[in-house]
1. Assuming a ≥ b ≥ c are the square roots of the Cα gyration tensor eigenvalues, decide whether the range 162-219 counts as rounded (a/c under 1.5), prolate (otherwise, with a/b larger than b/c) or oblate.
2. How big is the accessible area of T230 in square angstrom, nearest 10, if you roll a 1.4 angstrom probe over the protein chains?
3. Taking K and R as +1 and D and E as -1, what net charge do the other residues with C-beta under 10 Å from the C-beta of A160 add up to?
4. Give the separation of the Cα centroids, the range 98-132 to the range 62-78, in Å.
5. Obtain the nm distance between the two label points defined at S169 and R232 by a simple spin-label model: each point lies 7 Å from its Cα along the Cα-to-C-beta direction.
6. Which order do peptides 79-85, 353-359 fall in by mean Cβ count within 10 Å, highest first?
7. Work from the charge dipole of the chain (Cβ charges, +1 for Lys and Arg, -1 for Asp and Glu, about the Cα centre) and give the residue of S269, L186, A215 farthest towards its positive end.
8. What is the distance, in nm, between label points placed 7 Å from the Cα along the Cα-to-Cβ direction at A127 and at D159?
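The values are calculated or read from the model by the stated rules, or taken from the named source; none is laboratory data. Treat the numbers as computed from the prediction; the structure is a model and nothing was measured. Positions of Cβ are backbone-derived with ideal geometry, glycine not excepted, and every protein chain shown enters the neighbour counts. Calculation scope for accessible area: heavy atoms of the full protein, side chains included, ligands and nucleic acids excluded. Shrake-Rupley method; radii C 1.70, N 1.55, O 1.52, S 1.80 Å.
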Amino acid sequence: MTTPTSFLVVAHSARLLAQSAARGGHPVCVLDLFNDTDTDRFAQCAEAVSARAGDSPGFDRDDLLQRAERLCPPARCLGLVYGAGFEDDTMTLRLLARRRILLGNRPELVARLKDPATFFALLDRLAIAHPETVLSAPQDRRGWLYKRRGATGGAHVVDAQSLDRIPASGEGYFQRRARGRSLSMLFLADGRRADVIGISEQLTARRGPHRYSYAGAVGPACVPQAVSRTLRNRIEALVAETGLVGCNSVDFLLERDRLAVLEINPRPSATMDLYDAHWPSGLFDAHVRACAGELPRNSSGHGPRRVRAHAIVYASAPMRIGHDRGLPDWCSDVPRTGSAVVIHAPVCTVHAEGSDPARARRQLTRRRRQLEERLAEQVNSEETGHGFEPSTAQREPQGRSPGRVAA
């Protein structure tokens, strides 16, 4: 009988999960859309999966399943851990999980929570506040946002008034714009109970064609205890109702002491990056244990914690990664030499920390600007073969690829 040797980790970008797994001593094989240099460092094996054709980013199903069978076949797989990438394609998740132990939420639960009619009706039943949401276009679209069903990362969110055409029924939903701080609560669940890991403030691009795109986070954020307690109670009710397991997050708006839930991400999210170092064995380990019915507690103590922050640096021009001179050690998700990056696509992630959210955010801003200036200088320079080179490649249609083509 073959002995299982590694976990299979699959996500649009899996560096964070691979890094957290390494902290806990868990061997992983990784499949994602980028196969960045640091992902390879933390994994036993890692490969980039082809992107599917169409209007939204995602995996080519056949390529993903074939690579998974070769790299981490069921007989050698300790379990399947997945991140972002299956919210709008739960059939691929179901096929990937066949004959593997699924360490995450069931595909049918993911589908339920990403169906706007089902999800917002569930929130109403549990008395959880949310912005007004409708499935058909309002007669007056001013003050409304349009969100594509099952999409992630925020690039799909647009002002409804700017739509050239009304999308077909079932493609998405309309949500009234609401005021408030954009926050996210990361939590662990065992199918019955929930335990809060932390609340972070979310950053968005704010400019460019995808101004609602996720651009980073700062956490833990300062939130009134009463709000945190209320949200925790609501999440406990949601977990008891749905059976959520593992590491998940809930995105919400906070206006004074009033909160409005936007969505549930029923899988580990990018804000894990802010808290992983607080957990001695990493949050990958905590996720696996929670999926098995054990709700682990953080054993690192309750002393003062540094606030951490990260930001995604987007390309201001098409570029190709040349022979890397070396990015600062506060960068992660570093592309491989030869990778092509289209305009407005992610280049890498910048990290910072401080004694409080304001200090962490200031350091993050300085580092992001420093790196953006460096990229601009290298793209505009006449040098070739070093750093980041200008790319003459045409920009691919939105959603055709993750925006970065691995070498």
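1. Because a/c hits 1.5 or more and a/b fails to exceed b/c, the range 162-219 counts as oblate.
2. Solvent-accessible area, nearest 10 Å²: 50 Å².
3. +3
4. 27
5. 4.4
6. 79-85, 353-359
7. Going by the charge dipole, the pick is L186.
8. Computed distance between label sites A127 and D159 equals 3.8 nm.
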